[in-house]
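Asks: Handing you a structure now.
The values are calculated or read from the model by the stated rules, or taken from the named source; none is laboratory data. Predicted, not measured: the structure shown is a model, and the values here were computed from it. So basically every Cβ, Gly included, is an ideal-geometry build from the backbone, and we count neighbours across all protein chains shown. The protein model used for the area step is the full one, side chains on, heavy atoms only, and it has no ligands, DNA or RNA in it. Shrake-Rupley method; radii C 1.70, N 1.55, O 1.52, S 1.80 Å.
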Amino acid sequence: MPVIDKATFEELKQMSGEDFINELIDAFLDDAPNMLNNLRTALAAKDVESFRRNAHSMKSNANTFGATELGALAKELEFMAKENNLDIGTRLEVLEEAYGKVAEELKGMRT
Amino acid sequence: MKFAHEPGHLLVVDDNKVNRILLARGLEQDGHKIETAENGRQALEMLKRDAFDLVLLDIEMPEMNGYQVLEACLQDIELRNLPIIMTSSLDEIDSVIKCVELGAEDYLNKPINPILLRARVNASLEKKRLRDEQRKLIRTFATREVAEELMREGFSLGGRYVDATVMFSDIRSYTTYSENEDPAEIIELLNNYFALMFDAITGHHGIINQMVGDGLMAVFGAPVQREDRCEQSVRAALEMMELLEGFNQEQAAQNKTQIQIGIGIASGRMIAGYAGTQHRATYTCVGDTVNLAKRIEEHTKQAGRPILIDRFTREGLPEDIQVEDLGETIFKGKHQAINIFAVNK
């Protein structure tokens with residue numbers, strides 16, 4: 001599975017224009033570490049609501065860029081939190097790793 | 001795509017930065033003026049402070065979620081008519097349905113498709129403009145209250161029983177000084193006269209539903225019920241006489257035609273509704289009470305008093321309005337004698 005689905009990304013780029021895609025990537029790279037941080041904090045504090053909301057945001061952004069795997073992982077976490085289940089094992093680490101790959105790839109896709 | 005639409009003032013509400021940019025930039029390219037809010041509470045503050053044409057509202061947000069913002073807007077008389085488009089991911093479809101049922105204008109799925117976004121936004125703005133136009137049109141013949149009622153309930157042909165007060169007013173005589181009446185001057189006179197009468201009637205929550213020649217018919221207490229409809233109608237009549245006096249003085253000073261009017265008012269049960277066709281209809285009232293008001297108005301000339309009312313209207317008046325009992329009169333086509341009262345200036 002590619003880290004970024006090229007078709008989705010191209011579509012986004014085509015519809016939004018070149019300047020705009022850079023701004024979007026920068027906003028995501030700027031904001032995503034906050035979301036990961038919030039997820040970790042929420043998990044430690046057992047704050048299901050905050051955990052769910054941040055997973056939701058991550059899912060939403062991942063899908064915007066075509067980061068399919070990251071989106072699926074975030075969605076899984078969102079659903080677990082929705083079921084009041086924060087017994088997520090190592091899934092957050094897996095998500096962080098997935099984000100690292102997405103971030104690298106997106107940096108290279110700036111124009 | 002260059003914008004073929006009039007730009008609007010839009011509020012984008014989303015707690016996520018990427019989503020805000022995605023929504024805002026695309027719409028800015030269309031010439032719209034965009035402001036953004038990061039949560040529901042902030043959005044509501046901005047909506048109360050500034051006039052917006054449209055809101056794009058995320059459902060999932062901290063502090064106050066989109067559902068709560070939507071509810072707050074729908075309960076606010078100033079914000080109730082503001083179109084709101086919900087933005088959400090596909091798996092929130094239950095919440096979206098709830099919002100649309102509650103009164104959201106439309107929805108958009110995330111990730112946002114920019115083309116669909118523009119289409120929905122422009123369609124909503126266009127609809128809003130049409131509704132605003134409609135509201136303005138209705139306002140030209142109805143009070144704000146009535147206009148809002150019509151916009152909310154929509155209109156359908158067909159009537160219902162209402163307790164209301166009906167007023168007829170007609171020009172009794174023209175006093176002309178010049179030998180040749182100028183048609184343009186007469187029309188100008190009528191326009192000025194009607195403008196004054198409209199002010200007096202709508203100022204007292206009445207709606208004018210008929211204008212024929214130099215006469216008019218107005219109704220108080222329908223379609224929106226009013227406890228004080230009798231009082232309002234008589235106060236409107238008194239103001240009409242007062243305005244007319246000033247008007248006649250101005251006309252006299254310019255050596256122009258002066259007019260005298262008669263006003264008849266009756267209260268009671270009547271059938272009210274929109275009569276006409278789907279394309280052209282007026283709000284009107286029919287029934288014995290309406291006929292009686294017309295008869296009373298015609299009776300003003302004979303009685304020599306400009307404002308006459310029936311017993312039911314008289315019973316609804318506060319003490320400070322002075323009336324004189326003129327006794328009973330039998331009107332043409334009526335079997336029962338009717339007790340008539342003259343309102344003193």
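Asks: For the subset of region B:74-126 comprising residues that are out of contact with any strand residue (DSSP E or B) (no Cβ under 9 Å at 6 or more places or on another chain), in a loop (DSSP other than H, G, I, E, B) and of a type outside the set (A, V, I, L, M), which member is farthest from B:L54 (Cα to Cα)?
Replies: B:N113
Asks: Any chance you could count how many residues in region B:90-110 are in contact (Cβ under 8 Å) with a residue 24 or more places away in the chain and at the interface with chain A (Cβ under 10 Å from one of its Cβ atoms)?
Replies: 2
Asks: Next up: Conditions first: (1) touching a Ser or Thr at 6+ places or on another chain (Cβ under 7 Å); (2) at pLDDT 95 or above. A:P33 passes all but one, so which condition is the exception?
Replies: In the conditions (1) touching a Ser or Thr at 6+ places or on another chain (Cβ under 7 Å); (2) at pLDDT 95 or above, A:P33 misses (1) alone.
Asks: Any idea which of B:Y174, B:Y274 is assigned by TED's automatic domain parsing to the domain that holds B:V162, among the hydroxyl-bearing types (S, T, Y), open to solvent by 60 Å² or more (accessible area, probe 1.4 Å) and more than 22 Å from B:V343 (Cβ to Cβ)?
Replies: Checking each option against the conditions leaves just B:Y174.
Asks: Sticking with this one: Residue by residue through region A:5-39, note down the ones that are open to solvent by 50 Å² or more (accessible area, probe 1.4 Å) and facing chain B (nearest Cβ under 8 Å).
Replies: Selection gives A:M15, A:E23, A:D30.
Asks: Of the residues that sit in region B:296-313 and are without any contact (Cβ under 8 Å) to a residue 40 or more places away in the chain and among the basic types (K, R), which one is farthest from B:Q336 (Cα to Cα)?
Replies: Applying the filter and picking the extreme gives B:R305.
Asks: Which count do you get for residues in region A:40-52 that are within 10 Å of chain B (Cβ to nearest Cβ) and open to solvent by 70 Å² or more (accessible area, probe 1.4 Å)?
Replies: Here the count works out to 1.
Asks: Going by what's in this entry, would B:G268 be described as within 24 Å of B:A195 (Cβ to Cβ) and either in contact with a Pro (Cβ under 6 Å, 6 or more places away or on another chain) or assigned to a strand (DSSP E or B) (or both)?
Replies: Criteria not met by B:G268.
Asks: If you don't mind, there's one more thing I want to ask. Filter region B:13-51 down to residues that are away from chain A (no Cβ under 14 Å), more than 20 Å from B:L116 (Cα to Cα) and open to solvent by less than 30 Å² (accessible area, probe 1.4 Å), then give me how many there are.
Replies: 5
Asks: So, of the residues in region B:52-72 that are over 16 Å from B:V96 (Cα atoms) and touching a strand residue (DSSP E or B) at 6+ places or on another chain (Cβ under 9 Å), which turns out to be most open to solvent (accessible area, probe 1.4 Å)?
Replies: Among those residues, the one meeting the criterion is B:D53.
Asks: Write out, first by first residue and then by second, each pair whose Cβ atoms fall under 8 Å of each other, whose residues are 6+ apart or on separate chains, and whose first residue, in region A:1-16, is at pLDDT below 90 while the second is among the charged types (D, E, K, R).
Replies: Sorted first by the residue in region A:1-16, then by its partner, the pairs are A:M1/A:E69; A:S16/B:R25.
Asks: Mind counting the residues in region A:58-111 that are part of a helix (DSSP H, G or I) and more than 14 Å from chain B (Cβ to nearest Cβ)?
Replies: Qualifying residue count, region A:58-111: 17.
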